[in-house]
Amino acid sequence: MKAKIHVYLKPGVLDPQGAAVAGALRNMGYDEVEDARQGKLIELDLTGENADTAKSRVDEMCQKLLSNPVIESYSIEIA
Amino acid sequence: MKSAVIVFPGSNCDRDAHDAIARVTGENPAMVWHQETELPDGTEFVMIPGGFSYGDYLRCGAMASRSSIMPAVIAHAATGAPVLGVCNGFQILTESGLLPGSLMRNAGLTFVCERTPLSVTNGNTRFTSRYQAETDLIIPIAHHDGNYFADADTLDRMDGEGQVVFRYGQNPNGSARDIAGIVNEQGNVLGMMPHPERAIDAKHGGTDGLALFESLLGSA
């Protein structure tokens with residue numbers, strides 16, 4: 001089984017890297033870019049066959065290590 | 001006072017921390033590898049040094065804050081004993097939950113390495129009693145992720161309770177309310193981005209960091 005975890009900054013948290021990416025895109029002529037937010041994608045290879053168990057374990061991993069609840073949110077996809 | 005310096009893979013200010021403590025106390029601190037699970041018997045002061053633990057992978061300080069020694073450090077802090085985290089050490093303290101908020105990428109996106117003016121905004125902590133309320137300290141900074149963030153309620157609460165101990169004279173990194181260093185509510189855990197351990201010798205860029213170690217280790 002694979003888990004895909006998207007970690008992204010919460011709304012309201014300043015993202016200097018995202019702002020730099022948006023600025024670079026506008027400099028290249030992509031004037032439609034209003035804002036950019038930069039996050040992370042983490043893929044895990046998991047043993048086991050129960051998707052519900054996997055999801056709840058991965059949720060625990062997100063809370064304990066993979067995300068920082070002060071600044072980040074996350075979403076989990078099990079496939 | 002018996003001291004310990006925690007050493008992680010990627011710590012690079014552990015020797016400076018050792019020398020600063022040894023200079024003030026006349027005793028060598030124990031150097032404690034992160035895979036240990038206990039602090040040496042009788043340890044009072046714990047310092048978490050700067051560096052790039054685990055290569056700053058995932059988030060600065062994230063992996064170090066979950067390493068084997070940290071439950072012992074967290075339990076030690078809970079007894080009211082003094083804990084100081086500098087630079088990466090500050091990041092490790094926020095990641096471990098010992099201090100509120102988080103340290104984000106510098107607003108200017110560049111690594112900043114300079115001597116920075118600081119003011120002491122609370123001279124009544126056990127870390128700053130010998131400074132009182134000085135406003136013109138010069139202490140070096142060297143970091144890429146020192147942009148302090150916390151929500152407005154947390155910032156207001158910390159301001160109200162005197163938990164902001166150091167502020168930048170000229171904000172180098174976008175840090176909220178110019179915050180350079182904070183203590184926890186109990187006042188026994190200090191995290192700061194500037195490096196007091198690099199400012200203890202006149203031949204090496206000044207001695208403005210010395211009073212921090214003297215406040216703490218001289219008053220024990």
Discussion item. Looking at B:Arg66 and the list (1) touching a Lys or Arg at 6+ places or on another chain (Cβ under 9 Å); (2) farther than 14 Å from A:Val70 by Cβ; (3) open to solvent by less than 50 Å² (accessible area, probe 1.4 Å), which single condition is not satisfied?
Written reply: (3)
Discussion item. Exactly one condition in (1) under 14 Å from the mean Cα position of the chain (by Cα); (2) buried (at least 21 other Cβ atoms within 10 Å of the Cβ) is false for B:Pro172; which is it?
Written reply: (1)
Practice prompt. May I ask you to verify whether B:Arg23 is assigned to a helix (DSSP H, G or I), open to solvent by 10 Å² or more (accessible area, probe 1.4 Å) and without any contact (Cβ under 8 Å) to a residue 60 or more places away in the chain?
Written response: no
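Here is a yes/no grid of residues against (1) touching a residue at least 12 places away in the same chain (Cβ under 8 Å); (2) under 20 Å from B:Leu216 (Cα atoms); (3) away from every other protein chain (no Cβ under 14 Å):
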{"site": "B:Thr37", "(1), (2), (3)": "yes, no, yes"}
{"site": "B:Ala78", "(1), (2), (3)": "no, yes, yes"}
{"site": "B:Val83", "(1), (2), (3)": "yes, yes, yes"}
{"site": "B:Gln91", "(1), (2), (3)": "yes, no, no"}
{"site": "B:Ala107", "(1), (2), (3)": "yes, no, no"}
{"site": "B:Gly123", "(1), (2), (3)": "no, yes, yes"}
{"site": "B:Ala133", "(1), (2), (3)": "yes, yes, yes"}
Item to complete: Just one of (1) within 14 Å of chain A (Cβ to nearest Cβ); (2) surrounded by fewer than 19 Cβ atoms within 10 Å (Cβ to Cβ); (3) part of a helix (DSSP H, G or I); (4) not acidic (Asp, Glu) trips up B:Arg15, so point out which.
Response: (1)
Item to complete: Report whether or not B:Ala78 is within 14 Å of B:Asn184 (Cα to Cα) and surrounded by fewer than 24 Cβ atoms within 10 Å (Cβ to Cβ).
Response: yes
Worksheet item: Looking at (1) touching a Gly at 6+ places or on another chain (Cβ under 8 Å); (2) touching a residue at least 40 places away in the same chain (Cβ under 8 Å), can you tell me which one B:Ile74 breaks?
Response: (2)
Worksheet item: Consider B:Thr116 against the criteria (1) under 19 Å from B:Leu217 (Cβ atoms); (2) part of a strand (DSSP E or B): it satisfies all of them except one. Which criterion is unmet?
Response: (1)
Response to the item:
Note on B:Ala64: of the conditions (1) within 14 Å of another protein chain (Cβ to nearest Cβ); (2) under 18 Å from B:Asn188 (Cα atoms); (3) under 16 Å from the mean Cα position of the chain (by Cα), unmet is (2)
Worksheet entry | Selected residue (criterion: least open to solvent (accessible area, probe 1.4 Å)) from residues of segment B:177-197 that are over 21 Å from B:Ala211 (Cβ atoms) and free of Cβ contacts under 8 Å to residues at least 40 places away in the same chain | B:Arg177
Item to complete: Could you identify the single residue in A:Ala24, A:Ala51 that is aliphatic (A, V, I, L, M), touching a residue at least 40 places away in the same chain (Cβ under 8 Å) and either in contact with a Pro (Cβ under 7 Å, 6 or more places away or on another chain) or exposed (fewer than 15 other Cβ atoms within 10 Å of the Cβ) (or both)?
Response: A:Ala51
Fill in: Failed item, numbered, when B:Leu103 is tested on (1) within 14 Å of chain A (Cβ to nearest Cβ); (2) out of contact with any Gly (no Cβ under 9 Å at 6 or more places or on another chain); (3) not in a helix (DSSP H, G or I)
(2)
Discussion item. So, in segment B:141-168, exactly how many residues are open to solvent by less than 20 Å² (accessible area, probe 1.4 Å) and either in contact with an Asp or Glu (Cβ under 6 Å, 6 or more places away or on another chain) or in a strand (DSSP E or B) (or both)?
Written reply: 9
Fill in: Single condition B:Ala62 does not satisfy, out of (1) aliphatic (A, V, I, L, M); (2) under 16 Å from B:Asp14 (Cα atoms); (3) not in a helix (DSSP H, G or I)
(2)
Worksheet item: Of all residues in segment A:24-79, which are assigned to a loop (DSSP other than H, G, I, E, B), within 14 Å of another protein chain (Cβ to nearest Cβ) and either aromatic (Phe, Trp, Tyr) or over 27 Å from B:Leu99 (Cβ atoms) (or both)?
Response: A:Ala36
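The values are calculated or read from the model by the stated rules, or taken from the named source; none is laboratory data. Please read these numbers as outputs of a predicted model, since none were measured by experiment. No Cβ is skipped: glycine too gets one built from the backbone with ideal geometry, and neighbour counts run over all protein chains shown. When the accessible area is computed, the model is the full protein with side chains, heavy atoms only, and any ligands, DNA or RNA have been set aside. Shrake-Rupley method; radii C 1.70, N 1.55, O 1.52, S 1.80 Å.
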